[in-house]
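What follows is calculated from the coordinates using simple rules that are stated; it is not laboratory data. All of these numbers come straight from a predicted model, not from anything done at the bench. With ideal geometry, Cβ positions are generated from the backbone for all residues, glycine too; neighbour counts draw on all protein chains shown.
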Amino acid sequence: MEEQAVSTGYRPRWYQRDIHAGLRRFSVLVLHRRAGKTVLAINALIDAALRCEKPNPRFAYLAPYQKQAKQIAWDTLRTYSRPIPGTRAQDGELQVTLPNGARIRLYGADNPDALRGLYFDGVVLDEVADMRPETWGEVIRPALSDRQGWCLFIGTPKGLDLFHDLYNHAVTARDPAWYGALYTADDTGAIPVGELELARRSMSDAQYRQEFLCDWQAASDNVLIPLDLVAAAMRRHLNPAEVAELPVVLGVDVARYGGDRSSLCLRQGLWCREVQAFQGLDNMTLAARVAVKIAESGADAVFVDAGRGEGVIDRLRQLGHSVVEVNFGGRPTSPRYLNKRAEMWDAVAAWLRAGGALPADNALRRDLSTPTYDFDAANRLRLESKDALRERGLPSPDLGDALALTFALPVQSRNGPAGSRPRLALGLDYNPYEEAI
């Protein structure tokens, strides 16, 4: 068959050309509003579909809702595929069939079960953070396996969510299968300076930073622990000798549901020595892991989440360990907080501001930087619940809860200097150089 050159009318800007050149099997593209994400993605689909030599090629564009997919991408798909001879567009199916038999179809992720069992050679996921959490890992990723298909994630930041995790992996993992790119309005020059200035004056600072500067943290001005505070703590290093005489405290958060992780955190003064997360462990196995950690670390105190940890607590006590159970929903020490969980998390924030050092762990970074806060009618600080986080498509902050548990009660080191006074508990008299939990 004789080849024929066809122009779809797509004229990529300089940064779009750079992106097309950099795309890999899994690519995460973060672009400001009105930068042409959809046009770029649709043309990537058309190009790949035309070049695909596999039998019955299948490609897809997914938005959080099918109606949204139609509004955003259907006209764009028809516009750029129309100049290709032999192309057929089916409005009812939101599908375009190209002359080589390749099909590009628009879907909504609001019913991910309807996508199970399909295969794809290439997929675009638009605003993946707004999709149901299982869409990528349980549905789309397996659908790409049979034919080694590719996926392009596109969107604008909306906080520390799945999209942020994917982008962070793409740019830090040094995995040749992944590519990540972020372009702000200042980078691309796609929007005139005068228009940007008008937008800046008519939008809140947080809105402008999110929509045009691709600021991951801007979406949540009421985040209790800002991302930059966590990032600074992960760059900080302490000499173990600086905390040698301070208590060693172990926090254990027990998984509530199948998707949650059981987590533990080991902290000594300003040094968070270690965090671990376990998926799918039964209570006896988790208790055994905790017992080993107690023996290895010589922990002065062990605080365990009482919400789902009864079996772990009982087993540890059977093994002769002194364990303190902590009820996250229980009464706080200070009346300034709605419950114990809010009090402990606020202590983590104070500890970080005082110079706390964290291990460089991506899951811990996300967990600490996602929960928001507000105040109830009695002006008590209230932390966003795990259920509310799930409604936003975010996982339970289990590693963050484990760290927070190390701030449950005052602890005095058994190995400290003779006559040393007990360390202070939570409050305005917090002293970072004394163990405050």
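The length gained by stretching the chain between ARG200 and ALA377 to full extension, at 0.36 nm per residue less their Cα-Cα distance, is 60.4 nm. Taking every DSSP beta bridge that has both ends in region 14-217, the antiparallel portion is near 20%.
Considering the values (1) 39, 23, 19; (2) 34, 24, 22; (3) 49, 24, 18, which represents semi-axes √(5λ) of the Cα gyration tensor in Å as calculated for the structure under consideration? Working out semi-axes √(5λ) of the Cα gyration tensor in Å from the coordinates points to (3). DSSP beta bridges confined to the chain are antiparallel in about 40 percent of cases. Label-to-label distance, ASP228 versus GLU245, with points set 7 angstrom from Cα along the beta-carbon direction: 3.6 nm. Taking a sphere under 13 Å around the Cβ of LEU238 and counting the other residues whose Cβ falls inside, with K and R at +1 and D and E at -1, yields a net charge of +3.
Based on the alpha-carbon gyration tensor of region 227-405 and its eigenvalue square roots a ≥ b ≥ c, which shape applies: rounded if a/c is under 1.5, prolate if not and a/b is larger than b/c, or oblate? Each step should come with its number before you reach the end.
Working: a/c = 1.43, a/b = 1.11, b/c = 1.29.
The shape class here is rounded.
How would you classify region 134-247 from its alpha-carbon gyration tensor, with a ≥ b ≥ c the square roots of the eigenvalues: rounded for a/c under 1.5, else prolate if a/b is greater than b/c, otherwise oblate? Cα axes put region 134-247 in the oblate bin. Taking amide H as placed 1.01 Å from N in the peptide plane, the amide H of VAL124 sits under 5 Å from that of ALA60, TYR61, LEU62, LEU152, each at least 5 places away or on another chain.
Here ASP215 and ARG390 are evaluated by their C-beta separation; at R0 = 22 Å the FRET efficiency comes out at 0.35. Approximating the spin labels as points 7 Å out from Cα along Cα→Cβ, the ASN100-to-GLU310 distance works out to 6.1 nm. Where Lys and Arg each count +1 and Asp and Glu each count -1, what net charge lies around PHE163 among other residues with Cβ under 11 Å from its Cβ? Charge balance near PHE163 sits at -4.
Set the Förster distance to 25 Å, then compute FRET efficiency between HIS237 and HIS169 from the Cβ-Cβ distance, nearest 0.05. Mind showing how you got there, number by number?
On the way: r = 24 Å, r/R0 = 0.96.
In this case the efficiency is close to 0.55.
Looking at region 204-346 alone, DSSP beta bridges between its own residues are antiparallel in about 65 percent of cases. Between region 311-325 and region 190-256, what's the alpha-carbon centroid distance in Å? One Cα centre to the other: 36 Å. Legend: ranking of residues ILE104, ILE154 from fewest to most surrounding C-beta atoms inside 10 Å; resulting order ILE154, ILE104.
May I ask for the net charge around LEU227, where only other residues with Cβ less than 11 Å from the Cβ of LEU227 are counted and Lys, Arg are +1 while Asp, Glu are -1? Don't skip to the answer; put the middle values down first.
Details: positive: ARG365, ARG366; negative: ASP215, ASP228.
Surrounding charge for LEU227 is 0.
Give me the extension gain from GLN148 to ALA360: residue separation times 0.36 nm, minus the current Cα-Cα distance, reported in nm with one decimal.
Working: separation 212, 0.36 × 212 = 76.32 nm, distance 3.17 nm.
The GLN148-ALA360 span can extend by a further 73.2 nm.
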